[in-house]
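These notes concern the structure reproduced below.
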Amino acid sequence: MQQFLVIGPVIFFSIVSCISQFKDLSELGRIGAKVMGTYMITTVIAVLLSFGIYMVFQPGAFGFALALGENMEAVSFDLNMDTSLLHTIINIVPSNFLSPFLQSDTLQIIFLAVLCGAAIGLVGEHTATLQEFFEACNSLFLTITTILSRLIPLVVFCSVAAMIENMGRASILSIFGYAGIYLIAILCMMLIYGLMVLILGRLNPITFFKKNREGMLTSFTLSSSSAAMPTNMRICTDSLGISPKVCNFSIPLGATVNMDGTCVFLTITGLFLARAYGVTVPQSAMVSLAITIILLSLGCPGIPGASIVCLCVILANLGVPIEAIGLIMGINPFLQMANTMSNTTGDIAASLIVARSEGLLDLDIYNSR
């Protein structure tokens, strides 16, 4: 989609602009550790919660998709992509400066952004000039991203309409049942974010959701964490009172590594498709499956459709045919809208909690109406 044209520059200039504000890099390290720690907590919760919700409801009749084999369209994906965490860590340093932007490799872009941001404070008399330049570029690409994201809702509508036209009633009911379970899990994640704001941040969660309402709707509509970044960062600073030192770093980073919604998607979708194709997943396999999903979410490639590629890995581990993905392709764009809303809400909640712990939260702004 159009927003991936600028995903690299948006992340790069946001993080460079943020890090260049730090005069003490130890402060940046402390904030970064807190942000990543909070992201990991929500990731583990998302996986465990998804397992629990699926085991309670178990949507769809066991093996119902086996009768659809002749009517299913062939679905092919590039499975040569390495999604392992080890490969992700090794590959974080790019071979040159341009390739991460051309390939939309977001982790490599973050590495370059951190390096450039730290170096800006060391160039002496040109520091102020470079800070102004990168801040201007940041504003430019955030604005471009907002403009390019206008057509995403139309794509979602067309996809769901095509699914309803081509599938039988029983299959559609099973798929919508699965979608309902998925949305329940996303709603539970929202409640968990509220509890974290209350317990860890010692703040009123109702105020958090009221002031983040625009960000949640924007993320849901655009179905892209990168496209929603301009709105989310504005909400962090203007409505919630979070210092740019925190949100200008945590929001772009969260768009890459904080994949709570993706964890929910991989868990519930993997188990649903296994049930649809008559594959029984023993409880002994649940722990290894949970670990696999967490590692996949951290090593998820920064490209369009990466969650589907990761789902292929899950299905292969469960012994489910890859063409099973064709069952959910029609409704997948809608699911990704909820996925994105969960991801970005988690990013903002983590930013709020970290800012509170660092004394970088303006309580007057947060508590204002």
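Here are the numbers for the structure shown:
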item: From the options Ile303, Ile314, Ile268, Ile291, residue that is surrounded by 17 or more Cβ atoms within 10 Å (Cβ to Cβ) and modelled with pLDDT under 85; result: Ile314
item: Among the candidates Ser20, Ser26, Ser14, residue that is modelled with pLDDT under 75, loosely packed, with under 14 Cβ neighbours inside 10 Å and closer than 30 Å to Asn248 by Cβ; result: Ser26
item: Every pair of residues 6+ apart whose Cβ atoms lie under 6 Å, when the first sits in the stretch 97-114 and is in a helix (DSSP H, G or I) while the second is of a type in the set (Ser, Thr, Tyr) and modelled with pLDDT under 80; result: Thr106/Thr256
item: Any hit, the stretch 127-135, residues being surrounded by fewer than 17 Cβ atoms within 10 Å (Cβ to Cβ), part of a helix (DSSP H, G or I) and modelled with pLDDT under 80; result: no
item: Subset of the stretch 188-211 [surrounded by 18 or more Cβ atoms within 10 Å (Cβ to Cβ) and of a type in the set (Ser, Thr, Tyr)]; result: Tyr193
item: Which numbered condition Ala285 misses (of (1) at pLDDT 85 or above; (2) within 19 Å of Gly52 (Cβ to Cβ)); result: (1)
item: Failed item in (1) out of contact with any Pro (no Cβ under 8 Å at 6 or more places or on another chain); (2) at pLDDT below 85; (3) of a type in the set (Gly, Ala, Ser), with Ala185 passing the rest; result: (2)
item: Meets criteria (surrounded by fewer than 21 Cβ atoms within 10 Å (Cβ to Cβ) and more than 26 Å from Leu195 (Cα to Cα)) for Ile308; result: yes
item: The stretch 241-257, residues that are surrounded by fewer than 24 Cβ atoms within 10 Å (Cβ to Cβ) and either closer than 21 Å to Thr207 by Cβ or under 12 Å from the mean Cα position of the chain (by Cα) (or both); result: Gly241, Ser243, Pro244, Thr256, Val257
item: Residues satisfying the stated conditions in the stretch 215-230, i.e. over 12 Å from Thr345 (Cβ atoms) and free of Cβ contacts under 8 Å to residues at least 40 places away in the same chain; result: none
item: Residues of the stretch 216-231 classified as buried (at least 24 other Cβ atoms within 10 Å of the Cβ), under 17 Å from Ile242 (Cβ atoms) and not polar (S, T, N, Q), total; result: 2
item: Positions within the stretch 218-234 being modelled with pLDDT of 90 or more and more than 20 Å from Lys34 (Cβ to Cβ), in sequence order; result: Arg234
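The values are calculated or read from the model by the stated rules, or taken from the named source; none is laboratory data. Keep in mind that what you see is a predicted model, and the values were worked out from it rather than measured. Cβ coordinates were reconstructed from backbone atoms using ideal geometry, including for glycine residues, and neighbour counts include every protein chain displayed.
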